[in-house]
Amino acid sequence: MKTLSVALLLALCVTAAVQAQVVPSSYTPINPCTFFDSTSGSQLTAGTTYYDLIRGSCGVPTSANAVAIIITASGASSAGDIVVWDAGTEPSPASMAFRGSGTDSSFLIARLCYPEPECTGEDIAVKARTSSTHVKLVVVGYFEPI
């Protein structure tokens, strides 16, 4: 478990460094919990940003600064990509590419929006940039500042 925690902490520091903030944080695994799921309704429309709150739900404390999530895309009519970010300024690299058929999943660490006024009141944002698809986000752990 220590190896996993060190690897995840390193990944968080790398992610945070890209965002120009390095915040030493500790990782806490939790039981998987779905906090965003479009599979029971309409697909995410390509190019539209969807916002969500994760702090205070699914066992993620309000003090969390990042979450470990599994992202799944399904039901797309063509290949595309998804970006997940901290609800501030959208980054240019994709968080995950997906095929035009089937189901694709990936693991990522997503920084949660902080501080104000950069944030819009939500913790996390998700967008299917180039092709509409169903998206499911499952949190499996969180990071808190040390």
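The values are calculated or read from the model by the stated rules, or taken from the named source; none is laboratory data. Quick caveat, the model's predicted, so the values are computed rather than measured. Every residue, glycine among them, receives a Cβ derived from its backbone with ideal geometry; neighbour counts consider all protein chains shown.
Can you tell me which of Val23, Val83 is in contact with a Pro (Cβ under 7 Å, 6 or more places away or on another chain) and modelled with pLDDT of 90 or more?
Details: Val23 fails: modelled with pLDDT of 90 or more.
Criteria check complete, one pass: Val83.
If you check Phe107, Phe35, Phe98 for being of a type in the set (Phe, Trp, Tyr), crowded, with 18+ Cβ neighbours inside 10 Å and within 27 Å of Val22 (Cβ to Cβ), only one passes: Phe35. Ile82 meets the conditions (1) under 25 Å from Thr28 (Cα atoms); (2) within 15 Å of the chain's Cα centre (by Cα); (3) among the hydrophobic types (A, V, I, L, M, F, W, C) in every case but one. The failed one is (1). Taken as a whole, the structure leaves Gly59 outside the set of residues that are in a loop (DSSP other than H, G, I, E, B), more than 22 Å from Cys33 (Cβ to Cβ) and modelled with pLDDT of 90 or more. Strands (runs of 3 or more DSSP E) fully within the range 64-146 that include at least 1 residues being of a type in the set (Val, Ile, Thr) and touching a helix residue (DSSP H, G or I) at 6+ places or on another chain (Cβ under 7 Å): 103-111.
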